[in-house]
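One structure is given below, encoded as structure tokens.
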Amino acid sequence: QLQLVESGGGLVQSGGSLRLSCVGTGYSFDYYAIGWFRQAPGNEREAVSCVNSRGGHTLYADSVKDRFTISRDNAKNTVYLQMNGLKPEDTGVYYCATVQSCATPVDSLENYFDSWGQGTQVTVSS
């Protein structure tokens, strides 16, 4: 079974950058589209971005478009989320998860297996 582990979060100032990593263990990592989701205290979990299995198609929420970049290196079983120009409203716990497809509106992205890992905390100070 494929398991995903997030890392790379931390505390940064507004305008700073972080790179999150999502590392898969198990079989067939390169068969899966991967989405990044986040959840701030008191808010619903929301989809942020998505990358298809080969990395050739990406999807972003309007709130992060032009600031975040999703990519993957299947040889390393890793998906990245490069976050630039961070804002306080980006604060939250970030999760990665398998999704059925990135060929969908970003607000329709859903955790395919409905299973979440620990996530990684991103905190952006004013």
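Quick look at the values:
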quantity: Three-way shape call for segment 48-106 based on the alpha-carbon gyration tensor, with the a/c threshold at 1.5; calculated: prolate
quantity: Rounded accessible area per residue of segment 14-126, 1.4 Å, Å²; calculated: 53 Å²
quantity: Surface share of carbon and sulfur [accessible, 1.4 angstrom probe, percent] for the chain; calculated: 43 percent
quantity: Most to least accessible of 65, 87 (protein chains only, probe 1.4 Å); calculated: 65, 87
quantity: Volume per residue of the C-alpha convex hull in the chain, rounded to whole Å³; calculated: 92 Å³
quantity: R0 of 35 Å, Cβ-Cβ distance residue 25-residue 89: FRET efficiency to nearest 0.05; calculated: 0.65
quantity: Accessible-area ranking of 46, 89, largest first, probe 1.4 Å; calculated: 89, 46
quantity: Fraction in percent of alpha-carbon pairs per bin - 5 Å, segment 1-59; calculated: 4, 14, 19, 25, 21, 10, 5, 1
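The values are calculated or read from the model by the stated rules, or taken from the named source; none is laboratory data. Just so it is clear, the structure is predicted and the values come from calculations on it, not from any experiment. Please note: Cβ atoms are built from the backbone with ideal geometry, for glycine as well, and neighbour counts cover all protein chains shown. To get the accessible areas, we keep the full protein, side chains included, count just its heavy atoms, and leave off ligands, DNA and RNA. Shrake-Rupley method; radii C 1.70, N 1.55, O 1.52, S 1.80 Å.
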